[in-house]
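This report concerns only the one structure given below.
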Amino acid sequence: MNEKVPKIIMEVKNINLRFGGVVAIQGVSFDIHEGEIRAIIGPNGAGKSSMLNVINGFYHPQEGEIWFDGQKRPSMEPYEVAKTGIARTFQNIALFKGMTTIENVMTGRQLQMNKNIFWQMLRYGPAIEEEVQHRKRCEEIIDFLEINHIRKTPVGSLPYGLQKRVELARALAMEPNLLLLDEPMAGMNVEEKQDMSRFIVEVNEEFGTTIALIEHDMAVVMDLADRVVVLDYGKLLADGTPKEVQSNQAVIDAYLGVPH
Amino acid sequence: MFYKETGQFKSRYKDELAAFPLFEDKIGIGILCVLTFLVIPMFGLPGLNYEFAMGAIMIPCMIFIIMTLGLNILLGFAGQISLGTGAFSGVGAYAFYKFITIFPDINIIIALVLSGLVSAVVGVIFGLPSLKIKGFYLIVATLAAQFFLTWAFIRVAWLYNYNASGAIEGPNKEMFGIIMIGPQSAGMTRYYFVLVTLIVLTWLASNVIRGRIGRSWMMIRDMDIAAELIGIRPLVAKLSAFAFSSFYIGIAGALMVFFWLGAAEAESFDINHSFLYLFMVIIGGLGSITGSYMGAIFVWVVPVLIKEIGKSAFGFDAFVMENFSTILLGAMIIIILILEPHGLARLWQIAKQKLRLWPFPY
């Protein structure tokens, strides 16, 4: 990360999200610098996933602005957000269960493919060239994440940790500018967590992808993240480097509780 | 299978992406082609009357395979349930009838493609509710299409050219100097026409399914939220599936009337037929082209064979056998679905897996 002039890739300003009378997010603002790993933490129900859903276009906040790549973003549908280069993985795995690993990864290339139905029907000339070219890229990603051996296995039958990795591969296949990871290490054992952390760091360093991740494992967060946002009850509690956040009294209170 | 992938290395992705990457599969398909193109037209099916084998088994089977392919694209690959198949096939048949009566000189292939396209448009219109509703509620919406269209086939006299009988009939019509359809056409020409259509349509469907568009359908089927996040517009994916599927079903409907039945009324497109096609897809296996073949063949051929065997071997009369075959088919469907809910295609896969190791179980 360039300390002197960090370029802001995404900024959310004063987001308010309500479902009827329930306030999910209340006046939250933060930014994400290009090339950094930004962690979003907070107790359960703090509005972390809602925040990602707002960025993704699933939820449309009642108030607030989202700035992406230096421009104010109009209200967008998820498929439009995908076109701007934001990829995401889910807390509960959202893979295409009926398809194999390679097919799942190939789905990440959908937006880059554009040959029309007639070429597709013939599967000849441009259509097959396109298919081969994207297949190559996908194989590289599969190599990178070390899932070659399950290339042709239907993902529904894979163990949990591998499914998470396939989901990451699918998101990487989109070659995103901003990668949102919703609890990439939930439910993993120590070894799987180490692998996953290594992949996240490598993605960040090798591809220069900006990453925003939600995670509950504090050790992981403190190791990986360049900066941390803390949410609690839909409000911004703290924002800063892991060190600053760790020593913040409000954060300690939110996690450990305050004596009454 | 008794052969396996081992030792057949591909050095280019293009080779691996081929329809039949394995050498033995290519031989198998070659044998099937020889059988269907040469052996069956010459000798018929073993133990059956030649006319019967062609007219009551081979031709309808191939037409129903196209129908099943169409419905499988919608139901098995895109995950949208439809009970309007019968009606959409009717749209294809009536459109074909209008095309060949309004333009008597039209080429049959062009008329067939055009009637498929008409069916596709109607399919898209009745597929619009799928954007908002899913599952059981979508069944109800497509049921509306089924009832509305069969009503139209009866009430809108323009569709059957104000015939007194209310039926559509194939006039004699030539293509390249050979009579293709109508009472004077030879069973052999119709057989070859349907066979070639089936092969072309199967090839096109397998191509689409393995490409970008096919993947977008499967994405919508498996996890629509994630699909949207990757940039799939549900509108485009769902409606293209409806269009593609109805195109196939429309062509199958036109073939059914003009290359097999010879004449048809609205009853040939009623809800019972929609159910029949749904059975074929489910028995065969959702989301599988081989399954479409197996399901259509199984559901159509088994009752016909039971009837034949009952008549010739035990001397039962036709009505008894009619009911008996229905009962037996129902029982077999239940047994198959209990044994393997994913249909015959999965059973076939399991058999292949087992045969790889055979005769050594480990």
Average beta carbon contacts from partner chains per residue of A:78-90, 10 Å cutoff: 4
Work through the residues other than residue B:185 whose Cβ is under 15 Å from its Cβ and net out their charges, Lys, Arg +1 and Asp, Glu -1. -1
How large is the helix-only mean residue ellipticity at 222 nm for the protein assembly as shown, computed as the sum of -39500 (n - 2.57) over DSSP H runs with n ≥ 4, divided by its residue count, in deg cm²/dmol to the nearest 500? -16500 deg cm²/dmol
Taking amide H positions as placed in the peptide plane 1.01 Å from N, state which residues far from residue B:79 in sequence (5 or more) or on other chains have amide H under 5 Å from it. none
Descending Cα extents along the principal axes, segment B:47-357, whole Å: 56, 50, 35
Modelled FRET efficiency - R0 30 Å, residue B:354 with residue B:14, Cβ distances, 0.05 increments: 0.45
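Which of A:151, B:155 comes first, and how do the rest follow, when ranked by fewest Cβ neighbours within 10 Å? Before the final figure, lay out the partial values.
Working: A:151 14, B:155 10.
The fewest-first ordering by Cβ neighbours comes to B:155, A:151.
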Among all the lysines, which ones have a C-alpha under 16 Å from residue B:132's C-alpha, if same-chain residues fewer than 8 places away are not counted? B:238
Per the 1/(1 + (r/R0)^6) rule, R0 = 41 Å and r from the Cβ atoms of residue B:139 and residue A:143, FRET efficiency to 0.05 is 0.40
Which of the lysines could a cross-linker span from residue A:83 if the Cα-Cα distance has to be under 16 Å and same-chain partners fewer than 8 positions apart are dropped? A:72
Per the charge dipole of the protein assembly as shown (beta-carbon charges, Lys/Arg positive, Asp/Glu negative, Cα centre), the residue among A:23, B:209, B:95 reaching farthest to the positive end is B:95
Between residue A:238 and residues 5 or more places away or on another chain, which pairs have amide H atoms under 5 Å apart, with H built 1.01 Å from N, and which residues are they? A:230
Whole-Hz ³J(HN,Hα) for each residue in segment A:13-30, computed from phi via Karplus 6.51 cos²θ - 1.76 cosθ + 1.60 with θ = phi - 60°, x for glycine and proline: what do you get? 10, 6, 6, 10, 10, 10, 10, x, x, 7, 8, 8, 9, 10, x, 8, 10, 7
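Determine the gain in length on full extension of the stretch residue A:133-residue A:190; use 0.36 nm per residue of separation and subtract their C-alpha separation, reporting nm with one decimal. It would help to have the intermediate numbers written out before the result.
Values: separation 57, 0.36 × 57 = 20.52 nm, distance 3.63 nm.
Value of the extension gain: 16.9 nm.
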Under the definition of partner shielding as Cβ atoms of other protein chains within 10 Å of a residue Cβ, what is the mean value for peptide A:125-137? 3
How large is ³J(HN,Hα), in whole Hz, for each residue of segment A:170-181 in order, when computed from phi with the Karplus curve 6.51 cos²θ - 1.76 cosθ + 1.60 and θ = phi - 60°, using x for Gly and Pro? 4, 5, 5, 4, 6, 6, x, 7, 9, 10, 9, 10
Taking B:105, A:217 and counting other C-beta atoms within 10 Å, the order from fewest to most: B:105, A:217
Just tell me which lysines come within less than 26 Å, Cα to Cα, of residue B:10; anything on the same chain fewer than 8 places away is out. A:115, A:136, A:152, B:26, B:352, B:354
Sorted on mean Cβ neighbours within 10 Å (highest first), peptides B:179-188, A:136-145 come out as A:136-145, B:179-188
What dipole magnitude, in Debye to the nearest 20, does the protein assembly as shown give about its Cα centre under +1 on Lys/Arg Cβ and -1 on Asp/Glu Cβ? 1100
What whole-number distance in Å separates the alpha-carbon centres of segment A:74-152 and segment B:213-231? 10
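To the nearest whole number, what is the average tally of beta carbon atoms from other chains within 10 Å of the beta carbons of peptide A:239-248? Numbers along the way, then the final one.
Working: counts 0, 0, 0, 0, 0, 0, 0, 0, 0, 0.
Neighbouring Cβ atoms belonging to other protein chains average 0 per residue here.
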Which residue, B:84, B:330, B:291, tops the fluctuation ranking in a GNM of chain B built on C-alpha contacts under 10 Å? B:330
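Readers should treat all values here as calculations from the given coordinates under stated rules, not as data from a laboratory. Predicted model, so just to flag it, every value in this text is computed and none were measured. Using ideal geometry, Cβ is built from the backbone for each residue, glycine included, and neighbour counts are taken over all protein chains shown.
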